[in-house]
1. Sum up the charges of everything whose Cβ sits under 12 Å from the Cβ of VAL364, counting Lys and Arg as +1 and Asp and Glu as -1, but leave VAL364 out.
2. Once you list every other residue whose beta carbon is under 14 Å from the beta carbon of GLN312, what net charge do they have if Lys and Arg are +1 and Asp and Glu are -1?
3. Considering only protein heavy atoms, what per residue accessible area in square angstrom results for the range 88-333 with a 1.4 angstrom probe?
4. Taking 0.36 nm per residue of sequence separation and subtracting the Cα-Cα distance, how much length would be gained by fully extending the chain between ALA214 and ALA249, in nm to one decimal?
5. Got a number for carbon plus sulfur as a percent of the range 88-333's accessible area, 1.4 Å probe?
6. As a quick test, which of the pairs LYS178/LYS335; LYS230/LYS267; LYS122/LYS422; LYS315/LYS335 have an alpha carbon distance above 23 angstrom in this structure?
Amino acid sequence: MAGWMRQIVQAAICVMFVWFGMFDLGGWAVYKGEAAREAEAVPASMHSASVSYYEAQPLLTEPVSYESGKELEREKPVVKAAALPNDRAEALSQESNQKVVYLTFDDGPSKNTEHVLSLLKKEGIKATFFVLGEHVLEQPKIAKRIAREGHSIGNHTFNHKYERLYGSFTEFADQVMKTDEAIYRTTGVRTTLFRAPGGTHSNFDQGYFDAMAAAGYQVHDWNVDSGDSKRRGVPASEIIATVKGSKLADKLIVLLHDSAGHEESVKALPAIIKYYKSKGYSFAPLTDKVEPIQFTVAKKLKWSREKVTESQRAKLAHFSEALGRSSRQAQAEQKEPVLILHRGEERLELQPAEYGVSKGAIEVSLLKLTEWIGGTAETDLDNGVIEAYMNGNRLLWLTGLADRPSNQPAGQIVVPVRETLKKFGIGITSFVYNDEQREIWITE
Ligand SMILES: [Zn+2]
């Protein structure tokens, strides 16, 4: 835009501010004052300038599904726009619904885990898998699939051998560490969820509990035992009957098994899910925010062993902290992907610095976006105004630049992509937004 024209437009904008002075422009008070002073010099003919405008800040529309909770999940499921409303509704209902079931599957992964995962996917349910380190090493693909499909993974020790685990804390802690390491190296997930083989009652003493808590683990027992491992080959009908006969509470942590030989648990699962759904429960995976259900410490333990020492405690805590640190570091080093916009055959690639997510909306560089769709954009940093033109449509942003760092270059001004395109009559047909792939397809 020519310099003189720009000045006229700016002047017109200033007039608009005077006219609409009753509008609450919040942080714009200072600018409004300056605008009012400048407006005195504007010829009356400019008063008819028709300028549509909106403020950039509140323009956040439909949020994208942006999962940031799971650490280092390298293979994220693709999220299509069409799937979003349901996902959001589900997330909302989980928040507002008081009654939650946490299905937990112990001793895997095994071939049975795959059937469990498929059933959960069909039902749209997330659960928790307390895995054995040695099984993770044997079935890395299935372990990866658990993480990829959005379930929680917990540590269930390396080999489940009671005598060794509860004979000495040194052996117990070694297995916890070895399993954490196996889970992390295989799936990229750094878990702090733990379940004691056989449960904590009469196996854990207070020293075990304290050492695990000091190292940042959440130790989860259960309040519904499906009874699927009380002997070999418990039939599905009996498992279902046991679950249905168990006491209900707002929070249920259900013990099931998905290791080899537990085909009957897989068979029982659809009926168990149906039962809890009929009772108005929602389903969720355990996270480090869920308060664990723990058995009381038994007066008499099954085992005789030495008390947990300070150095044993410190070793586990040190390991856990170091693993957490390296996982956070790896996460930070993970490079953000480019964002690709598609319009027919044409594509626009935006580097990580040129886009971002704010309050659930994807924001992109205004200049790049406008030029790509065939329009022009200009920014006036001093006055905090951005103008964009396309097909004779003129859009004007009040950018709130006064609140932004004054050294922000004009080229880095970002606007919500969906709302901005909408103003130009362009829609978003679909998009993918996850840790590895970020693409948006727009109408031609
Ligand atoms: Zn177990």
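1. Working: positive: LYS368, ARG418, ARG438; negative: GLU349, GLU354, GLU363, GLU371, GLU419.
Result for the local shell: -2.
2. Details: positive: ARG305, LYS307, ARG313, LYS315; negative: GLU171, ASP174, ASP205, ASP210, GLU306, GLU310.
Charge balance in the 14 Å sphere: -2.
3. Details: 11350 Å² over 246 residues.
About 46 Å² of surface per residue is accessible.
4. On the way: separation 35, 0.36 × 35 = 12.60 nm, distance 2.90 nm.
Going from the current span to full extension adds 9.7 nm.
5. Details: 5830 of 11350 Å².
So the carbon and sulfur contribution to the accessible surface is 51 percent.
6. Working: LYS178/LYS335 28 Å; LYS230/LYS267 17 Å; LYS122/LYS422 35 Å; LYS315/LYS335 32 Å.
Too far apart for the 23 Å limit: LYS178/LYS335; LYS122/LYS422; LYS315/LYS335.
The values are calculated or read from the model by the stated rules, or taken from the named source; none is laboratory data. For clarity, every value in this text was computed on a predicted model and none was experimentally measured. A quick note on method: Cβ atoms are made from the backbone with ideal geometry, for glycine too, and the neighbour counts reach across all protein chains shown. The accessibility values were calculated without ligands, DNA or RNA, using every heavy atom of the protein model including side chains. Shrake-Rupley method; radii C 1.70, N 1.55, O 1.52, S 1.80 Å.
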